[in-house]
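See structure below.
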Amino acid sequence: MSDVDRWDLVFRRDDLSVSEVRSATAPELKPGEISLAIEKFGMTTNNATYGRFGDDVVIAFWNAFPGPEGYGRVPVWGVATVEDSLHPDIEVGTRYFGFLPMGSHHVVAPQLTPQGFFDATPIRDFLHPWYRTYQFLEGNEGLDDRRTLLRPVYPASFNLADFVERKAAEGSRSVIVTGASSKVAIGLAEELVAREVDIETIGITAEGHLGFVEDLGFYSSVVSYDDLATVTTAGPTIFVDVTGSPKWRTAVCAQFADQLSATALVGFAHSDAAVLPPELAGPEPEVFFTPAIEMEAIANEGSGYVDRYNKSEERFAREAGSWLSIRHGQGPSQILSAFRALLSGAQSPSTGVILHP
C-alpha cells in the first residue's frame, strides 16, 4: 500500500459531527512489529458507543487509537492483512480479526497466541485483554462478512443466555429485553430458543421495528415502547436492557419492581444512553461487562466454554442470513456516511454494513 493510499478518519472527541480525513505515511516498523492493512470492518452500535463514551473514566476508548490534539480514531472490529512484518513468526499476507482504528492501516507489537496474537503495544496497556486479542483467519468463505459484523457483539448474547438460563433454573419465568431489534438482543433471543430454555421472552422495540422483530420468530411477544404499560409477565422476571436509555430503564424497573428477579444492563444502543444508570427500582442492577464475564467463564470452563461458544456463533452466523442482509461501502466518505447513519439511528436493523477502506 503506497503512502497516497494511507489515511485516517478522525473525529472531534467532544463533537462527533466534526470529522476530517487525514493522509498518513507508512510507518517505520520497529523490530517485532507488524503493519496491518485494514481489509474491512463492520458498523454496529458498539462503534457509536466507543465514540460517545470515548473519554469515559472506566475505558477511555479514544486513547486506544490517538489522533491529533482534540481528535481521535473511532475503534471498529474487522479483518486486516499483514502488509509488512518485522516479526520473525508472522508472515506478510496473514489475515486476522480484531480491534482496529477507523482508517486504512494499523501497527501493532504482537505476541503470538495459539489462536492468533495479543497486542502488546504499550499505549494500549490500559485496555481489557479482550480488546487486544486477535484471531487468525483462514480462507474467505461465505460467512466472512456476517462474522465480521456479529463476532464483536455475539459474546454478549451468548453470555446473557447463560445468565438467563441460570435464572430460569432458579424460577424466573419471563425475560424482558429492551432494544429488541439490536444484534445483541436478537442473538440472546435466538440462543434461548436454540437451547429450549423454558422462559417467556418479551421484546420491546421501536414502533418502526415491530414488524421486523416479530417476523424473526425468536420472541414470545413483541411490543413497542409506547405500549410498555400493556405488558404482563408470567412470573418472576429478568430485565435485560440493551438501550442504555435512563428513560426506559427507569420505566421497566418501576413497572415490574415487585416481579423483577434480576436486572442486567448490557448496552447503549439508544442515542440518549448514559454510562451511569439512574436509581432503579427492584434488585440491584448488574452491569454486564462482557469481556470480564467471558474471561471468567473461560477460566471456569476452559475449552468447554470455547467449544460451546464456537458452535453457537457458527450456527447464529449461518442462520442470520434469513434476516440479515449485507451492504458494502468503500472509502472515507462512505464510511463517514455509515457512521453518521448509525449515530442518528437511521441504520436498519435488518441490514449489516461492511466497510472497506
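The values are calculated or read from the model by the stated rules, or taken from the named source; none is laboratory data. Everything numeric in this text was worked out from a predicted model, so none of it was measured. Ideal geometry is used to build each Cβ from the backbone, glycine not excepted, and the neighbour counts take in all protein chains shown. Ligands, DNA and RNA are stripped out before the accessible areas are found, and what is left, the full protein with its side chains, is counted by its heavy atoms. Shrake-Rupley method; radii C 1.70, N 1.55, O 1.52, S 1.80 Å.
Just a few scattered comments:
- Unmet requirement for THR205, which otherwise passes all of (1) open to solvent by less than 20 Å² (accessible area, probe 1.4 Å); (2) touching a residue at least 60 places away in the same chain (Cβ under 8 Å): (2)
- Number of the exception - GLU313 against (1) farther than 15 Å from ALA161 by Cα; (2) open to solvent by less than 20 Å² (accessible area, probe 1.4 Å); (3) outside any strand (DSSP E or B): (1)
- The residue of region 229-250 that is farthest from PRO349 (Cα to Cα), among those that are of a type in the set (A, V, I, L, M) and buried (at least 17 other Cβ atoms within 10 Å of the Cβ), is ILE238.
- Verdict on GLU39 being within 19 Å of the chain's Cα centre (by Cα), open to solvent by 30 Å² or more (accessible area, probe 1.4 Å) and not hydroxyl-bearing (Ser, Thr, Tyr): yes
- Of all the residues in region 248-269, those that are in contact with a helix residue (DSSP H, G or I) (Cβ under 9 Å, 6 or more places away or on another chain) and not in a loop (DSSP other than H, G, I, E, B) number 10.
- Across region 99-114, the qualifying residues are those that are open to solvent by less than 30 Å² (accessible area, probe 1.4 Å) and not in a loop (DSSP other than H, G, I, E, B), and the one among them that is farthest from GLN135 (Cα to Cα) is GLY103.
- In region 56-98, the qualifying residues are those that are more than 27 Å from TYR154 (Cβ to Cβ) and charged (D, E, K, R), and the one that is least open to solvent (accessible area, probe 1.4 Å) is GLU83.
- Against the test of being closer than 30 Å to ASP15 by Cβ, at pLDDT 95 or above, hydrophobic (A, V, I, L, M, F, W, C) and open to solvent by less than 70 Å² (accessible area, probe 1.4 Å), the options LEU336, LEU260 yield a single qualifying residue, LEU336.
- Those residues of region 169-189 which are farther than 25 Å from ASP226 by Cβ and free of Cβ contacts under 8 Å to residues at least 40 places away in the same chain, in sequence order: ALA169
- Output for region 1-25, where each listed residue is in a loop (DSSP other than H, G, I, E, B) and free of Cβ contacts under 8 Å to residues at least 60 places away in the same chain: SER2, ARG13, ASP14, THR25
- Hits in region 301-315 - residues which are modelled with pLDDT of 95 or more and either of a type in the set (S, T, N, Q) or closer than 19 Å to VAL242 by Cα (or both): SER312
- Condition check for ASP272: acidic (Asp, Glu), open to solvent by 10 Å² or more (accessible area, probe 1.4 Å), outside any strand (DSSP E or B) and touching a residue at least 60 places away in the same chain (Cβ under 8 Å): no
- Taking the numbered list (1) more than 15 Å from the chain's Cα centre (by Cα); (2) touching a residue at least 12 places away in the same chain (Cβ under 8 Å); (3) open to solvent by less than 50 Å² (accessible area, probe 1.4 Å) in turn, PRO291 passes all entries but (1).
- Scanning region 143-194 for residues that are within 20 Å of the chain's Cα centre (by Cα) and part of a loop (DSSP other than H, G, I, E, B) yields a count of 8.
- Flag if SER348 is at pLDDT 95 or above and either closer than 23 Å to ASP15 by Cα or open to solvent by 30 Å² or more (accessible area, probe 1.4 Å) (or both): no
- Test: residue in region 16-24 that is open to solvent by 10 Å² or more (accessible area, probe 1.4 Å), modelled with pLDDT under 95 and under 21 Å from PRO122 (Cβ atoms): yes
Each row is one residue, and each column tells you yes or no for (1) hydroxyl-bearing (Ser, Thr, Tyr); (2) more than 22 Å from ASP215 (Cβ to Cβ); (3) modelled with pLDDT under 95; (4) open to solvent by 20 Å² or more (accessible area, probe 1.4 Å).
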{"position": "TYR134", "(1), (2), (3), (4)": "yes, yes, no, no"}
{"position": "GLU138", "(1), (2), (3), (4)": "no, yes, yes, yes"}
{"position": "GLY142", "(1), (2), (3), (4)": "no, yes, yes, yes"}
{"position": "ALA156", "(1), (2), (3), (4)": "no, yes, no, no"}
{"position": "ASN159", "(1), (2), (3), (4)": "no, yes, no, no"}
{"position": "VAL164", "(1), (2), (3), (4)": "no, yes, no, no"}
{"position": "GLY171", "(1), (2), (3), (4)": "no, yes, no, yes"}
{"position": "GLY179", "(1), (2), (3), (4)": "no, no, no, no"}
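- Residue count, region 222-247 (criterion: closer than 15 Å to ARG52 by Cβ, touching a strand residue (DSSP E or B) at 6+ places or on another chain (Cβ under 8 Å) and either assigned to a helix (DSSP H, G or I) or not β-branched (Val, Ile, Thr) (or both)): 2
- Filter result for HIS209 (assigned to a loop (DSSP other than H, G, I, E, B) and not hydroxyl-bearing (Ser, Thr, Tyr)): no
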